[in-house]
Amino acid sequence: MNNTHHHMVMVTLLLCTIGLMSCQPQSTDSEDTVLSKHSTPDGATENKAITSIDLQNFKTIDLSSWTKLASKDESGGDAEINTTRYENDGIFLEMENAEVGEYGYSNQQKILDAEGNVLKERRFEFVVDDEMYIQETIKDYTTSPTKTCYRKKKMEKHFMQMDERPIEVGGTCQDAPTKTISLNFEIMDNSCGNVDKEDTGCTCSFRASKDDYSTSVISSAFDGNACMQFSGMGIIEMKGGLTNNGRALWTKRSQMEHWITLNEKGEDTIFDDPMNIADNYEQHLSELVSALLVMDEMPDEIPYQTNGTVGMGHRSNVRDLCTDAIQAAKQAKSKGDSGPQTELLYQNEAYEVILNCTVIGKTDSFSDKYECKAIIKDKKTGKELGSQVVWGSCQC
């Protein structure tokens with residue numbers, strides 16, 4: 001069979017009112033399902049329009065109390081696709097049905113609130129591929145966490161050879177299938193060579209073990225060249241290094257001659273950004289604390305300057321802000337807070353690797369030691385492919 005057809009959205013009309021198939025009763029093992037007919041968030045009272053629909057037993061849906069709003073036909077080529085929308089007491093029911101000739105059919109029902117949020121949904125498919133099977137997925141989003149029921153059954157006959165088409169699977173819920181690609185770092189089986197091609201004298205190195213320095217998984221230079229190795233792959237070349245986010249940004253800001261500038265015209269700045277103590281006091285306090293926490297020694301005062309004549313009251317408010325920031329930073333540091341994390345980013349055409357690093361000490365040359373959560377992502381889709389803790393440092 002042509003797999004292109006299989007991947008099309010397939011939904012079949014199931015109700016007697018639509019008339020494409022029989023609605024005669026079939027057996028189902030409702031006691032083995034996960035979802036409850038009346039599942040709601042704690043303290044909530046569920047709308048009768050919701051409880052009137054048991055998606056575990058689709059044949060019991062009674063549309064007599066529902067108002068039909070509209071139907072939409074999106075058929076084209078081999079696919080016949082129809083969607084009908086109903087309303088009952090502020091709750092909406094969407095029934096999407098389609099058929100793709102001999103390649104299969106499926107149906108989907110969604111219960112939505114007035115804002116368009118999906119409360120519950122069910123999808124049934126008769127799949128004709130290398131094998132034939134029916135599958136059914138039911139999700140209840142009104143509970144936390146979301147409850148899911150998945151059922152699958154292999155079919156021996158094509159639906160066109162049956163007197164009646166299946167419209168549900170029934171039976172015991174199973175774990176829904178997942179299709180994921182998992183990648184982790186692998187100790188480099190050979191050297192990357194000289195990643196510091198521009199001879200900056202500054203490199204970063206990360207390893208899979210905190211104490212075993214022979215377990216290198218990432219090597220990079222400040223000129224942007226890097227290499228690493230993923231599980232099952234050889235050496236991969238990438239570009240990147242320290243970003244302007246996180247600790248690097250606040251370290252740069254902490255080295256400014258004046259953190260705050262007060263101007264006679266009132267256009268004050270903090271780290272060269274607009275400042276408004278009256279409206280954004282907590283934000284500015286947080287900014288000052290971030291800069292203080294990345295410093296090796298806590299200063300007694302925060303450096304600021306005034307241009308022109310600035311009112312005594314305004315200057316007093318700024319001094320109070322600086323005093324509060326130093327006190328908050330000292331308190332945070334006493335509890336082990338070392339400030340914003342360091343971020344490194346490496347990427348090529350296929351992958352993106354982000355390292356969010358916390359300072360855990362100093363090397364013999366007084367560079368920061370890092371413990372990092374490294375996340376590997378698909379560059380095109382942004383999907384996370386794996387994560388791992390690595391240890392290392394950047395030094396010149």
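Structure notes:
- The stretch 256-330: GluC sites (Glu not before Pro) in DSSP coil with no more than 15 other Cβ atoms inside 10 Å: 257, 264, 267, 297, 301
- Sequentially through the stretch 356-369, phi angles give Karplus couplings (6.51, -1.76, 1.60; θ = phi - 60°) of 9, 10, 10, 6, 10, x, 10, 7, 4, 9, 6, 7, 6, 9 Hz, Gly and Pro residues having no value and appearing as x.
- Semi-axis lengths, Å, the stretch 180-396, gyration tensor of Cα atoms, sqrt of 5 times eigenvalues: 40, 17, 16
- Residue-wise HN-Hα couplings along the stretch 126-138, as the Karplus relation 6.51 cos²θ - 1.76 cosθ + 1.60 with θ = phi - 60° gives them from phi, are 9, 9, 10, 9, 4, 10, 10, 7, 10, 9, 9, 10, 10 Hz; Gly and Pro carry x.
- Amide H contacts of residue 302: none lie under 5 Å away among residues 5 or more positions distant or on a separate chain (H built 1.01 Å from N in the peptide plane; Pro and chain starts excluded).
- Net dipole in debye of the stretch 237-369 [+1 Lys, Arg Cβ; -1 Asp, Glu Cβ; about Cα centre; nearest 20]: 300 debye
- Cut-off under 5 Å, modelled amide H: who pairs with residue 369 long-range: 360, 361, 362, 363
- Dipole of the stretch 180-396 [Lys/Arg +1, Asp/Glu -1 at C-beta], most positive-end residue of 392, 284, 323: 392
- Qualifying GluC sites (Glu not before Pro) in the stretch 348-389, where qualification requires a DSSP coil assignment and no more than 15 other C-beta atoms within 10 Å, comprise 349.
- Derived scalar couplings ³J(HN,Hα) [the stretch 324-340; Karplus, 6.51 cos²θ - 1.76 cosθ + 1.60; whole Hz; x for Gly, Pro]: 4, 5, 5, 5, 5, 5, 4, 5, 5, 5, 5, 9, x, 7, 9, x, x
- Low-density loop cleavage sites - trypsin sites (Lys or Arg not before Pro) in the stretch 139-175, where at most 13 other Cβ are within 10 Å (DSSP): 157
- Annotation for the stretch 374-396 versus the stretch 94-134: alpha-carbon center distance of 37 Å.
- Residue pairs, from the table 120/152; 72/147; 239/379; 252/333; 333/369; 252/362, whose Cα atoms sit over 22 Å apart: 72/147
Bear in mind that the values in this text are calculations on the coordinates, not laboratory data. A quick note: this is a predicted structure, and the numbers were derived from the prediction, not measured. Methodologically, a virtual Cβ is constructed for each residue, glycine included, from the backbone with ideal geometry; neighbour enumeration extends over all protein chains shown.
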